[in-house]
1. Quick check: net charge around Ala81, other residues with Cβ under 13 Å of its Cβ, Lys/Arg +1 and Asp/Glu -1?
2. Apply 1/(1 + (r/R0)^6) to the Cβ-Cβ distance of Ala81 and Leu39, taking R0 = 22 Å, and write down the FRET efficiency to the nearest 0.05.
3. How far apart, in nm, are two points set 7 Å out from the Cα along the Cα-to-Cβ line at Ser16 and at Trp55?
4. Could you work out the relative contact order of the stretch 1-59, using alpha carbon pairs under 8 angstrom and six or more residues apart, expressed as a whole percent?
5. Over the stretch 1-115, what per residue volume does the convex hull of the Cα atoms give, in whole Å³?
6. Give the relative contact order (percent, whole number) for the chain; include only Cα pairs under 8 Å separated by 6+ residues.
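Rule-based calculations on the coordinates, nothing more; no lab input. Note that the structure is a prediction, hence the values are computed from the model and not measured. Here the Cβ is made from the backbone with ideal geometry for all residues, glycine too, and neighbour counts use every protein chain on show.
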Amino acid sequence: MTGRPRVRRVYDEPASEDGVRVLVDRLWPRGIRKDALDLDDWTKDVAPSAELREWFGHDPGKFADFTARYRDELATDPGRAALERLRALSRGGPLTLLTATKDVTHSHAAVLAGLLGEDR
């Protein structure tokens with residue numbers, strides 16, 4: 001791996017340093033046509049379950065608990081396999097995790113970037 005993956009919003013313009021661009025949301029982002037998003041892969045199974053996402057509700061006060069619960073989800077199939085796919089993609093160079101979430105700092109994509117960064 002060549003460093004911690006970047007986390008960007010799907011609505012941001014692509015950058016030359018993005019490397020491999022992977023959508024990590026379970027649902028397709030609103031307002032974007034599938035042929036209009038510059039991405040290399042869509043790894044849906046790495047996203048948190050609907051139940052966990054709804055419980056979290058993007059509340060920064062729940063982020064620590066969300067992170068622990070999400071890491072537990074990633075330790076089971078199919079999360080483990082999806083996480084391994086991201087690891088494999090990151091071995092070839094820079095990796096950018098894309099999400100539609102407004103607050104990327106308190107998002108599942110940030111948790112993923114941290115996990116992948118631990119692999120260095």
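1. Taking every other residue near Ala81 into account, the sum is 0.
2. For Ala81 and Leu39, the calculated efficiency is 0.70.
3. According to this spin-label approximation, the distance is 4.5 nm.
4. About 33 percent, as a whole number.
5. Cα convex hull per residue, to the nearest whole number: 96 Å³.
6. 48 percent
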